[in-house]
């Protein structure tokens, strides 16, 4: 059960008077032990900002370990900025990170005023700068600037945050023009993953093919659209549905996005797949030179069999939780190249390239060349209860959502 805490005004005033330049957040009691009090938004005293965050003290299933933690953020100085979040999506990686099974670990800290360390969930989002220190100003930051997180583990499922300018990447005014907070808040992971995988492993020329599974995912939809813009052709694999009408509707939707071929994983593993592939590729004269894999298992091996000799196979996920099995013949006789790709590690190494990639995708979005994936906007107001927010995370965990869940912050 989620809990929300508020700090007595007298405690806040005493702390502010005795330590007006204090960097750390004001102390609070552990979230699991406090009873909910008034939900009314309190006016900041001495520049302290009131904040709430979905946080956890131990790894586990999100509905069991998450709670809504209230705290105060002291006025920024030096290279510090205070952020107000605008939109933060719920990605599978966020769920895995809360479970403790994701390679990137969140930051556990007592700086949010708890006796025991806690971590804020969420890795992606867009925030607005609402206050900043002198060094941040000298570096060109201003109130009202929008920013993205430079890397994973920052914690984006919260109303406000204290950050250093090294934690964030500015979204320039020209890139923001005509862009919604949801578009900005969901651009840095899925579209960037698709963009870099299509660009960085093999130089595909106009008219050439790539193949991918998980084609109706955020990355898959982005790859279809980017491929279409760059003149590439694509074979797209989806999971079969018991409801064949819904399956056909999904195939039609992906073709409208720009997919050339859409098949199910069962069709991929059927006996006639090689003949079908020849038909798609002009009798086999047009080669499939790149595969994007987020599933693994037998279906991924079947996908690799359709690749041309010397092609590249890039794995960026493991939705089936099965291993990727590579027959020796693919390495010896077909000389296939197998790679792994993690956009968070790439972004940490190439922050400026990430910024350019984000701006390019947003420019396509502005021009109508790139369409958002379906989203389910989850309103987060100051009065929103923790159990309601955690319930939405649980819905995502259990698959009860037509589109990607995105926290959209209102009057916080």
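The values are calculated or read from the model by the stated rules, or taken from the named source; none is laboratory data. This is a predicted model, so every value here is computed, not measured. Cβ coordinates were reconstructed from backbone atoms using ideal geometry, including for glycine residues, and neighbour counts include every protein chain displayed.
Return the residue satisfying two criteria in turn: it lies in the range 378-412 and is part of a strand (DSSP E or B) and modelled with pLDDT of 95 or more, and of such residues it is surrounded by the fewest Cβ atoms within 10 Å (Cβ to Cβ). Outline the logic, then answer.
To start, the set of residues in the range 378-412 that are part of a strand (DSSP E or B) comprises 378-380, 404-409.
Restricting the remaining residues to those that are modelled with pLDDT of 95 or more gives 378-380, 406-409.
Values: 378: 23, 379: 12, 380: 25, 406: 23, 407: 27, 408: 19, 409: 25.
Of everything passing the filter in the range 378-412, 379 is surrounded by the fewest Cβ atoms within 10 Å (Cβ to Cβ).
Go through the range 279-298 residue by residue and tally those that are in contact with a helix residue (DSSP H, G or I) (Cβ under 7 Å, 6 or more places away or on another chain) and surrounded by 20 or more Cβ atoms within 10 Å (Cβ to Cβ). So that I can check it myself, show each step before the final result.
Of the residues in the range 279-298, the ones in contact with a helix residue (DSSP H, G or I) (Cβ under 7 Å, 6 or more places away or on another chain) are 284, 291-294.
If we keep only those that are surrounded by 20 or more Cβ atoms within 10 Å (Cβ to Cβ) too, we end up with 291-294.
Counting residues in the range 279-298 that are in contact with a helix residue (DSSP H, G or I) (Cβ under 7 Å, 6 or more places away or on another chain) and surrounded by 20 or more Cβ atoms within 10 Å (Cβ to Cβ) gives 4.
Considering only the range 308-334, state which residues are assigned to a loop (DSSP other than H, G, I, E, B) and touching a residue at least 60 places away in the same chain (Cβ under 8 Å).
311, 316, 317, 319
Would you mind listing the strands (runs of 3 or more DSSP E) fully within the range 104-214 where at least 1 residues are in the same structural domain as residue 52 (by TED's automatic domain parsing) and at pLDDT below 95?
Because the criterion is at least 1 residues that are in the same structural domain as residue 52 (by TED's automatic domain parsing) and at pLDDT below 95, the strands (runs of 3 or more DSSP E) in the range 104-214 that meet it are 146-149, 168-171.
Mind counting the residues in the range 337-377 that are without any contact (Cβ under 8 Å) to a residue 12 or more places away in the chain and not in a loop (DSSP other than H, G, I, E, B)? Write out each step before concluding.
First, pick out the residues of the range 337-377 that are without any contact (Cβ under 8 Å) to a residue 12 or more places away in the chain: 345, 349-350, 352-353, 356, 367-368.
Among the residues that remain, those that are also not in a loop (DSSP other than H, G, I, E, B) are: 345, 349, 352-353, 356.
Residues flagged as without any contact (Cβ under 8 Å) to a residue 12 or more places away in the chain and not in a loop (DSSP other than H, G, I, E, B) within the range 337-377 amount to 5.
Yes/no matrix, rows are residues, columns are (1) out of contact with any helix residue (DSSP H, G or I) (no Cβ under 9 Å at 6 or more places or on another chain); (2) more than 30 Å from residue 50 (Cα to Cα):
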| site | (1), (2) |
| --- | --- |
| 341 | no, yes |
| 349 | yes, yes |
| 358 | no, yes |
| 364 | no, yes |
| 370 | no, yes |
| 378 | no, no |
| 393 | no, no |
| 402 | yes, yes |
| 405 | no, no |
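Yes or no: residue 231 under 29 Å from the mean Cα position of the chain (by Cα), in a loop (DSSP other than H, G, I, E, B) and surrounded by fewer than 21 Cβ atoms within 10 Å (Cβ to Cβ)?
So residue 231 fits the description; yes.
May I ask you to list the residues in the range 268-307 that are more than 22 Å from residue 318 (Cβ to Cβ) and part of a loop (DSSP other than H, G, I, E, B)?
270, 271, 272, 281, 282, 283, 284, 285, 286, 287
Give the number of residues within the range 75-93 that are more than 21 Å from residue 390 (Cβ to Cβ) and in a strand (DSSP E or B).
Looking only at that region, the number is 5.
Can you find a residue in the range 261-278 that is under 24 Å from residue 320 (Cβ atoms), out of contact with any strand residue (DSSP E or B) (no Cβ under 9 Å at 6 or more places or on another chain) and surrounded by 14 or more Cβ atoms within 10 Å (Cβ to Cβ)?
Among the residues of the range 261-278, at least one is under 24 Å from residue 320 (Cβ atoms), out of contact with any strand residue (DSSP E or B) (no Cβ under 9 Å at 6 or more places or on another chain) and surrounded by 14 or more Cβ atoms within 10 Å (Cβ to Cβ), which makes the answer yes.
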